[in-house]
Amino acid sequence: MLPPHNPAHQLEAVFRRIGAERMHDLPFLNDRLSVEAVGFRLWQQSWPGVLVTPWGINLLQLPTPELPFPAVRADALVEVSLPGGVVSFMPAHEKQLGDYRMCSLYSPAQQFTDHEAARLTAQHVMTLLFPESPGDSDHAGQPPDRGRRRFLGL
């Protein structure tokens, strides 16, 4: 079960193991990428963030132990309203993590020339989904940039 603190280290450990045990010989792996949890933050009783792996980059949402996700069909889409827009997640389950939600951003992730480019993309996704509050930005009072949000289909 997930700890009450940021699950980034646990996610990285679990997905490194998945990479070594289940994904290591797949032809579409990008060996320039490694497993990294980017931008995970506590938000409304869940932990959203981006997981970079050699086989893909996904937006994940993990529940807190206090508020597990309700059961849904494996083929269901769960619409989640984040501050930057609504995202459609698929339910997922991993024995060491339990239930979580995922939204594929890049699968496979062949277009990234190095891990830093993938990390910067993951950070940009999190900036789009969790924009600064109006008082914290030089863009206070301006509407969101819909062109940037289109990057995520929001």
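Scanning for something charged (D, E, K, R) and farther than 22 Å from Val14 by Cβ, does the range 84-101 turn up at least one residue?
Here is the first cut: in the range 84-101, the ones charged (D, E, K, R) are 94-95, 99, 101.
With the extra rule that they be farther than 22 Å from Val14 by Cβ, the set shrinks to none.
The answer is no, given that none of the residues of the range 84-101 is charged (D, E, K, R) and farther than 22 Å from Val14 by Cβ.
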Legend entry - Residue check for Thr64: hydroxyl-bearing (Ser, Thr, Tyr), at pLDDT below 95 and either out of contact with any Cys (no Cβ under 9 Å at 6 or more places or on another chain) or exposed (fewer than 13 other Cβ atoms within 10 Å of the Cβ) (or both): yes
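Working only within the range 55-87, note down all residues that are farther than 19 Å from Tyr106 by Cβ, in a strand (DSSP E or B) and not β-branched (Val, Ile, Thr).
Looking only at the range 55-87, we keep the residues that are farther than 19 Å from Tyr106 by Cβ, and these are 62-76, 78-81, 83, 86.
Within this subset, residues satisfying the condition of being in a strand (DSSP E or B) are 62-64, 67, 78-81, 86.
Scanning the range 55-87 gives Leu62, Pro63, Leu67, Glu79, Ser81.
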Legend entry - All positions within the range 1-32 that are of a type outside the set (Gly, Ala, Ser), modelled with pLDDT of 90 or more and either under 17 Å from His124 (Cα atoms) or not in a loop (DSSP other than H, G, I, E, B) (or both): His9, Gln10, Leu11, Glu12, Val14, Phe15, Arg16, Arg17, Ile18, Glu21, Arg22
Inset, instruction - Tell me which residues, restricted to the range 114-154, are assigned to a loop (DSSP other than H, G, I, E, B) and modelled with pLDDT of 95 or more. - result: Asp114, Phe130
Legend entry - Residue count for the range 7-42, restricted to those that are surrounded by fewer than 16 Cβ atoms within 10 Å (Cβ to Cβ) and closer than 23 Å to Glu132 by Cα: 2
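The values are calculated or read from the model by the stated rules, or taken from the named source; none is laboratory data. On a predicted model such as this, the values are computed, not experimentally measured, just so you know. Every residue, glycine as well, gets a Cβ built from its backbone with ideal geometry; the counts of neighbours run over all protein chains shown.
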